[in-house]
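Input: a single structure, listed below in structure tokens.
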Amino acid sequence: MKIFTVVSALVAALATVSYAEDEAVAAGCALSGTYSASTTASVLKSCKSIAVSGLSVPGGTTLDLTALQDGSTVKFSGTTTFGVKKGFAGPLIAVSGNQVTIDGTGATLDGQGASYWDGKGSNTKVPKPKFFKSSKLTNSVVKGFKLLNTPVQAFSINQCQNSNFTSLTVDNKAGDALGHNTDAFDVGSSSGIIIRGATVYNQDDCLAVNSGTNILFTGGYCSGGHGLSIGSVGGRSDNTVQDVTISDSQIVDSDNGVRIKTVSNAKGKVTGITYSNIQLKNIKKYGVVIEQDYLNGGPTGKPTDGVPITHVTLNKITGSVAAKATNTYILCAKGACSDWKFTGVTFTGGQHSQKCQNIPAGSGATC
Ligand SMILES: *[C@@H]1O[C@H](CO)[C@@H](O)[C@H](O)[C@H]1NC(C)=O
């Protein structure tokens, strides 16, 4: 009797939990076992409620969710594993669609990054796969995923509009020795993007906005990487970053806190940038760094004025910078930085830079 009660309670509980999944399975709308591109394509064609569970994707293959019907929901559960294929540029998973929800709550995507990590990241002739590519996603939501061990960049958000990326985790703790270019969120040519409640352990930018407008990153936790960045801006097909707010976030054990970098001798613009309520802890290079001399491979030290940085607000940026690190470094070309307002930017621990140039007058910014 007792056992029966327990068992039936359990059955009832499981039934509720997996109801949507069962329904998808019954309707032939489930993806599991070894990934097949043709099966997936026909499921996407005939189903709007799709369940992905225990899927294993062979190396060299993209889990292709780019042909979702408008209004589709894809629910992942368990661990999806991506096989290793050296030389594959990825992405491991690609999503596109209008009014779609890609829900990875409680699910892990395992990129097996350790098999690719060599300390060089993307700077090799043999490419490594980018992980989760969202492109042409409109009015949609990606939420709840944990990306484990990304070979290189984790989430790339390109040509997306009005979409939310909520409660996403990048866990690359295992890559601290050899992981490189493991950016968590790269945003380009997108507008109306909200990244809320991200948790990131990686070895490169927590956020890097290369181009785009109306972007919000809020409630994030970034550990081990290069901080919350705008840029590098310049030298791409789209070189405008406008109206970006980064707020209410923590950055720990990272190279930088707040960073804006524009490419040396390039053209473009960076305007309407707000960083507010950012707490730093153990920052190893710069608490705040804004520089107009960036080149991959190393900044030149000579700022150029082709990508002006205007209307920048930093409010309540506080916390600790390592003893050998620099609190604030600003390197602007003459007349190329204006309309800035710094309030409550205070750090403990770091050095004062002697190399700052052209800090906008009246901005409250100091080095
Ligand atoms: C994204 O989040 C905002 C703010 O919570 C909300 O207004 C908007 O409807 C959301 N967008 C989608 C596509 O769910």
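Do you know the relative contact order of the chain, to the nearest whole percent, from alpha carbon pairs under 8 angstrom that are 6+ apart?
Values: 1168 pairs, mean separation 29.4, N = 367.
In percent, rounded to a whole number, it is 8.
At 18 Å minimum axial length over the Cα atoms and a Kyte-Doolittle cut of 0.0, report the qualifying DSSP H helices in the chain, or say none.
Working: long enough: 2-17 (23 Å, 2.05).
Qualifying helices: 2-17.
Cross-link list Lys85/Lys146; Lys85/Lys284; Lys120/Lys146: which exceed 28 angstrom alpha carbon to alpha carbon? Show your work: numbers first, answer last.
Working: Lys85/Lys146 21 Å; Lys85/Lys284 34 Å; Lys120/Lys146 24 Å.
Pairs exceeding 28 Å: Lys85/Lys284.
Looking at the chain from every direction and averaging, what is the projected area of its Cα convex hull in nm²?
Details: hull surface 79.6 nm².
It is 19.9 nm².
Rolling a 1.4 Å sphere over the protein heavy atoms, what is the accessible area per residue of the chain, to the nearest Å²? Kindly include the intermediate steps, with their values, before the conclusion.
Numbers: 15540 Å² over 367 residues.
Spelled out: the 1.4 Å probe surface of the chain, per residue, equals 42 Å².
Taking C-beta distances below 4.7 angstrom as the pairing criterion, name the unpartnered cysteines of the chain, in sequence order.
Cys160
Could you please state how large a percent of the accessible area of the chain is carbon and sulfur, counting protein chains only and using a 1.4 Å probe? Mind dumping the intermediate values first?
Details: 7940 of 15540 Å².
Of all accessible area on the chain, carbon and sulfur atoms account for 51 percent.
In deg cm²/dmol and to the nearest 500, what is the mean residue ellipticity at 222 nm of the chain if only DSSP H runs of at least 4 residues count, each as -39500 (n - 2.57), divided by the residue total? Don't skip to the answer; put the middle values down first.
Working: 3 runs with 34 residues, N = 367.
It lands at -3000 deg cm²/dmol.
Using θ = phi - 60° and the Karplus form 6.51 cos²θ - 1.76 cosθ + 1.60, what ³J(HN,Hα) does each residue of the range 189-203 get, whole Hz, x for Gly and Pro?
6, 10, 9, x, 9, 10, 10, 10, x, 7, 10, 9, 10, 8, 10
Over 24 Å between Cα atoms, which of Lys128/Lys281; Lys324/Lys355; Lys86/Lys267 qualify? Can you show the working numbers first?
Numbers: Lys128/Lys281 31 Å; Lys324/Lys355 15 Å; Lys86/Lys267 36 Å.
Beyond 24 Å between Cα atoms: Lys128/Lys281; Lys86/Lys267.
Can you list the aspartates and glutamates whose alpha carbon is less than 18 Å from that of Lys261, not counting same-chain residues fewer than 8 positions off?
Those aspartates and glutamates meeting the cut-off are Asp183, Asp186, Asp204, Asp205, Asp238, Asp243, Glu291, Asp293, Asp305, Asp339.
The values are calculated or read from the model by the stated rules, or taken from the named source; none is laboratory data. Please read these numbers as outputs of a predicted model, since none were measured by experiment. FYI the Cβ positions are ideal-geometry reconstructions off the backbone, even for glycines, and counts take in every protein chain you see. Surface areas here come from the heavy atoms of the whole protein model, side chains and all, with no ligands, DNA or RNA. Shrake-Rupley method; radii C 1.70, N 1.55, O 1.52, S 1.80 Å.
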